[in-house]
Amino acid sequence: MAKIKKKVALIFGITGQDGSYLAELLLKKNYIIHGVKRRSSSANTERVDHIFDSIDFSNKNFFIHYGDISDSTSTLNIINKIKPDEIYNLAAQSHVRVSFDIPEYTADITALGSLRILEAIRILRLNKTKYYQASSSEMYGLVKNKKSLNEKTPFHPRSVYGISKVFAYNTTVHYREAYGIFASNGILFNHESPRRGPTFVTKKIVQGLVRVKQGLQKKVTLGNLYAIRDWGHAKDYAVSMWKILQYKKPDDWVIATNKDNTVKKFVDTVARKLDIKLSWRGKGIQEKGIDKKTGNVIVDVDKKFFRPTEVDFLRGDFSKARKYLKWKPAISTNELIDDMIEEELSVD
Ligand code: NAP
Ligand code: G4F
């Protein structure tokens, strides 16, 4: 019987939240996976170490390469060496607030990084290689009316991060139109998990309130409590990335839950699940969450966590993905919070 050739995927951003879930998914689908990791002074592979520990090295199906999407030469060399069937570009300076502090760096990685990968595909004439761009709901930015946003909603980014993602989105569409590359955008709304970086708001709230409950921390200090987000689970969203590249043609897709919550409601839900009775006092920068049992302030607000320009409202209409990709979220925001709390409680 003829051996079926395994598909080969190259993941930029393998050490990140999404990279680790995508790698797990593709391994289950029998892919050979190559991931690109940038050099750092410490190992920084904790999200994929379990994959290394669990794989059968005789299978030779999981490889990590040093590289950096700020470096066109190494990016082109890796792509040339591997000649993958699918490239997932998940690499980015992905923190919106940080993009106000390091705008030029953010544009170099988050915007030009995607151009470097697409240029490599074009120069190397890899006509069969498919490209996935990790586009973001941050591109919508200033939303005029609070309706669910879809693939036709115009972009009005509110940070250099958002601007960089619009550049990468448009570059992806352009390389598709100009050079016939199978290049698709997943416009993913916020997605979280136990593996979320600790400075993103959901992880900060879950980690902080669990530590408050355990007596290890006095309070959690946040910024804008009234921002509205559509929070899904990263594990579900990794499935959408794969489906986007299996579709018969390249296209652009909104991936979301179509449910919204404020940051404050997220805090209330986490507190309730931890059996903390929270009451809110004060307004604006003076607003505080008080533990009714102890009278202690366990949530407060500091203006240092506000952004010069905020994205007030994000809720996504994923009906196109549901209809054509047969994708829908399997994990609710409520179950996501349970998963994050459970993992946090298991930390020593
Ligand atoms: P993340 O946890 O911050 O992961 C980002 C990845 O990019 C990490 O592996 C990081 O490496 C890598 N990276 C950063 N700079 C790099 C460089 N110069 N060269 C090579 N790799 C580099 O982000 P995530 O939540 O998994 O998100 C994945 C992608 O989706 C990002 O592009 C993000 O902007 C986008 N996105 C995320 C969401 C969301 O809600 N999570 C929504 C929409 C779009 P280190 O580990 O060394 O830092
Ligand atoms: O968790 P966040 O930092 O995520 P944000 O800014 O929505 O960006 C994330 O989602 C994007 C998709 O829309 C991705 F493209 C991007 O890579 C990233 O994954 O903040 C969420 C909301 C914001 O409105 C922020 O102002 O929470 C508000 N917030 C309130 N207090 C806070 C805090 N955000 C953070 N990070 N820290 C706070 O203390």
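The values are calculated or read from the model by the stated rules, or taken from the named source; none is laboratory data. Computed from a predicted structure; not experimentally measured. Because the Cβ atoms are built from the backbone with ideal geometry, glycine has one as well, and the counts that use them run over all protein chains shown. Surface accessibility is based on the protein's heavy atoms, side chains included, excluding ligands, DNA and RNA. Shrake-Rupley method; radii C 1.70, N 1.55, O 1.52, S 1.80 Å.
Hey, which lysines would be in cross-link range of K323, C-alpha to C-alpha under 17 Å, not counting anything within fewer than 8 residues on its own chain? Here the lysines satisfying the reach criterion relative to K323 are K152, K243, K248, K249. Between A43 and F305, residue separation times 0.36 nm minus the direct Cα-Cα distance comes to 91.5 nm.
Compared with the dominant principal axis of the Cα atoms in the chain, helix 201-213 is inclined by about 40°.
Per-residue 3J(HN,Hα) values for the stretch 225-230, derived from phi via the Karplus relation 6.51 cos²θ - 1.76 cosθ + 1.60 with θ = phi - 60°, read 7, 9, 5, 10, 9, 10 Hz in sequence order (x marks Gly and Pro).
The mean accessible area for residues of the chain, using a 1.4 Å probe and ignoring ligands and nucleic acids, is 49 Å² per residue.
Remark on V8: its backbone amide H falls under 5 Å from those of I32, D85, E86, a criterion applied only to residues 5 or more positions apart or on other chains, H modelled at 1.01 Å from N. The stretch 303-318 and the stretch 2-31 have Cα centres spaced 32 Å apart. For the stretch 1-137, the relative contact order works out to 27 percent when only alpha carbon pairs closer than 8 Å and six or more residues apart are counted. For the stretch 9-149, a simple Cβ point-charge model (Lys and Arg +1, Asp and Glu -1, everything else neutral) yields a dipole of about 540 debye relative to the Cα centre. A simple charge model with +1 on the Cβ of Lys and Arg, -1 on the Cβ of Asp and Glu and nothing else charged puts the dipole of the chain at about 760 debye relative to its Cα centre. Other residues within the sphere of radius under 12 Å centred on the Cβ of K152, judged by their own Cβ, net out at -1 (K and R +1, D and E -1). Between L124 and R322, residue separation times 0.36 nm minus the direct Cα-Cα distance comes to 67.9 nm.
Estimated from the Cβ-Cβ distance and a Förster radius of 41 angstrom, the FRET efficiency linking D338 and D71 is about 0.50. Helix 17-28 and the longest principal axis of the C-alpha atoms of the chain enclose an angle of approximately 50°.
Using the empirical formula 2.2 N^0.38 Å as the baseline, the Cα radius of gyration of the stretch 99-169 reaches a ratio of 1.28. Taking 0.36 nm per residue of separation and subtracting the Cα-Cα distance, full extension of the segment from E151 to D108 would add 12.9 nm. Annotation: the antiparallel percentage among DSSP beta bridges lying fully within the chain is about 20.
Placing unit charges on the Cβ atoms of the charged side chains and taking the dipole of the chain about its Cα centre, the candidate lying farthest along the positive direction among H65, I11, S148 is S148. All alpha carbon pair distances within the chain were sorted into 20 Å bins beginning at 0; the resulting P(r) in whole percents reads 30, 57, 13, 0.
Working from Cα positions, state the angle (0 to 90°, nearest 10) between the long axis of helix 113-123 and the longest principal axis of the chain. Value to nearest ten degrees: 10. With a 1.4 Å probe and every protein chain kept in, tell me what percent of the accessible surface of the stretch 42-127 is carbon plus sulfur. C and S atoms contribute 50 percent here. Given +1 at the Cβ of Lys and Arg, -1 at the Cβ of Asp and Glu and no other charges, the dipole of the stretch 181-261 around its Cα centre is 500 debye to the nearest 20. With contacts taken as Cα pairs under 8 Å at a separation of at least 6 residues, the chain carries a relative contact order of 16 percent.
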